[in-house]
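The values are calculated or read from the model by the stated rules, or taken from the named source; none is laboratory data. On a predicted model such as this, the values are computed, not experimentally measured, just so you know. Cβ placement follows ideal geometry from the backbone for every residue including glycine, while neighbour counts extend to all protein chains displayed. When the accessible area is computed, the model is the full protein with side chains, heavy atoms only, and any ligands, DNA or RNA have been set aside. Shrake-Rupley method; radii C 1.70, N 1.55, O 1.52, S 1.80 Å.
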Amino acid sequence: MQCSKCGNPKVIYKREQSGQILCKDCFIESIEKKAIKTVKKEKLLDKGDKVLVALSGGKDSVTTLEVLNSFRERNIIDICAVTVDEGIANYRQEGVDIAIRHAQRLGIEHKVVSLKDEYGITLDEIMQRENHKGSCTYCGVFRRTIINKAAREMGATKIATGHNLDDEVQGIIMNYLEGNTDNLTKLGAKSESQAEEFTVKIKPLREIPEREIGLYVVAKDLEVHFDSCPYAMQSFRGEVSELINQLTEKHPTIKYSTLRGYDKIKNILKDELKKDYAHGRCSRCGEPASNELCKACSFLEELGL
Amino acid sequence: MTFILKYKQLNEERDIPHENYTIKDLLKELELSAQTMVSKQNGELVIEDTVIQDGDEIQLVQIIYGG
């Protein structure tokens, strides 16, 4: 057995969807080329952009940082990063420390924002409250708010997240199965909000399978936080993911075809279904909101904060 | 004929049960999904079809976690 590209007999990966067999160097190069191709095809970057990487220290965000840094090295963009510390004991600190070390290694502007400092409460403390809405509900909303705010404070023109092919396909199938056509219109490589306070979000890894990103960080010896969130539970996303992975065993191209199909109908969905959002303001924090309070502030009120 | 298995806290010597025993066979035995793991043979990344040899050190790294 030898590398399909260079003939090296030391192979590390067999790509089921194409039959390609790759050695370490050719595999690393293929991942970086794929992400760069997505950036160019989807026009994710403009010269002079300052891109804020949402850096958790996990494999996806570290790979995003690594790929975007190649554009920074060529003076096309500038990069900064933010890490959200949700306050999850025995879990989050390792990712935060790894994120700090990557930012120092690359010499980029980086800040760590904790839920405790921002809202006066940790996710662990919220989960001790009675009648809470579930950890992921708070985590998602607070994290999104903090990242949007950090983008404005740091003068970022784009926010890059580590969403991979698996995340995107799960999102498409989940929203379709739930009949959530509103969310279905919001997926894609580049999401732009009607509210100008929300910075444009980009997903350079959306065409790369999760497993290949995991192998990439190990092959490249990048320090990442491999662990499971203690609040991860049997979610609908988990069930959908299992189903898609089962199908992938017999149909190795199914994730790509799902994404391609979605990309073909995305614009039609947007034109037909996009709602005209109210351009309101949260009466408590001033962030864009469709109701009197934004989602984050309505949670804070419920928590008595 | 034995090999060393390293996986999370595990570090143990195991017998090679038969000829042409691959990492894929080992993953099946441990009920681990190849989709969530990468494998190293004597410190080098390898594919799951790799045959485990006498004296090998096989390290399994979990790269995908739920949630």
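Does anyone have the angle between helix A:24-41 and the longest principal axis of chain A? Alpha-carbon axes, 0 to 90°, nearest 10?
Here the helix axis deviates by roughly 50 degrees.
Treating only the Cβ atoms of Lys and Arg (+1) and Asp and Glu (-1) as charged, compute the dipole magnitude of the range B:2-62 about its Cα centre; round to the nearest 20 debye.
300
In whole angstrom, how far apart do the alpha carbon centroids of the range A:237-305 and chain B sit?
Using only Cα atoms, the two centres lie 38 Å from each other.
Starting from 0 in steps of 10 Å, tell me what percent of the Cα-Cα pairs of the protein assembly as shown lands in each bin.
Binned Cα distances yield the sequence 5, 21, 31, 26, 12, 4, 1, 0.
If you find the alpha carbon centre of the range A:169-200 and of the range A:1-46, how far apart are they in angstrom?
One Cα centre to the other: 28 Å.
How big is the accessible area of B:ASP15 in square angstrom, nearest 10, if you roll a 1.4 angstrom probe over the protein chains?
Near enough 110 Å² of accessible area.
Relative to the Cα centre, what is the charge dipole magnitude of the range A:127-277, using +1 at the beta carbon of each Lys and Arg, -1 at the beta carbon of each Asp and Glu, and rounding to the nearest 20 debye?
Magnitude of the dipole: close to 320 debye.
Taking Cα pairs under 8 Å and at least six residues apart, what relative contact order does chain A come out at, in percent?
19
Looking at this model, which pairs from A:LYS33/A:LYS111; A:LYS41/A:LYS116; A:LYS111/A:LYS255; A:LYS59/A:LYS149; A:LYS116/A:LYS266; A:LYS158/A:LYS266 are more than 32 angstrom apart at the alpha-carbon? If you can, show how the numbers build up before the last one.
Working: A:LYS33/A:LYS111 29 Å; A:LYS41/A:LYS116 40 Å; A:LYS111/A:LYS255 35 Å; A:LYS59/A:LYS149 24 Å; A:LYS116/A:LYS266 38 Å; A:LYS158/A:LYS266 21 Å.
Correct reply: A:LYS41/A:LYS116; A:LYS111/A:LYS255; A:LYS116/A:LYS266.
Once you average over the residues of B:52-65, how many Cβ atoms of partner chains fall within 10 Å of each Cβ?
The mean count of partner-chain Cβ atoms within 10 Å per residue comes to 3.
Over all directions, how big on average is the projection of the convex hull of the alpha-carbon atoms in the range A:1-145, in square nanometres?
Quarter of the Cα hull surface area: 11.9 nm².
How big is Rg to Rh over the range A:161-305, alpha-carbon atoms, Rh as the Kirkwood inverse-mean-distance radius?
My calculation puts Rg/Rh at 1.01.
Per residue of B:33-40, count partner chain C-beta atoms within 10 Å of its C-beta, then hand back the mean as an integer.
Rounded to a whole number, the mean comes out at 4.
Of A:SER228, A:LEU205, A:ILE265, which is farthest towards the positive pole of the range A:182-305's charge dipole, taken about the Cα centre with +1 and -1 on the beta-carbons of Lys, Arg and Asp, Glu respectively?
Of A:SER228, A:LEU205, A:ILE265, it is A:ILE265.
Kindly rank A:163-170, B:56-63, A:102-109 from highest to lowest mean number of other beta carbons found within 10 Å of each residue.
Top to bottom by mean Cβ count within 10 Å: A:163-170, B:56-63, A:102-109.
In debye, nearest 20, what is the charge dipole magnitude of the range A:79-210 about its Cα centre with +1 on Lys and Arg Cβ and -1 on Asp and Glu Cβ, if you could check?
Values: 17 positive and 21 negative charges, 64 e Å.
Using Cβ point charges on Lys, Arg, Asp and Glu, the range A:79-210 gives about 300 debye.
On C-alpha positions alone, give me the angle between the axis of helix A:92-106 and the longest principal axis of chain A, in degrees, nearest 10.
60
Could you work out how far helix A:59-73 tilts from the main Cα principal axis of chain A, as a 0 to 90 degree angle to the nearest 10?
80
Please report the Cα spread of chain B along all three principal axes, rounded to whole Å, starting with the longest.
So the extents along the principal axes, rounded to whole Å, are 39, 21, 21.
Normalised by the number of residues in the range A:59-127, what is the relative contact order in percent for Cα pairs under 8 Å and 6+ residues apart?
Reported as a whole number, the value is 34 percent.
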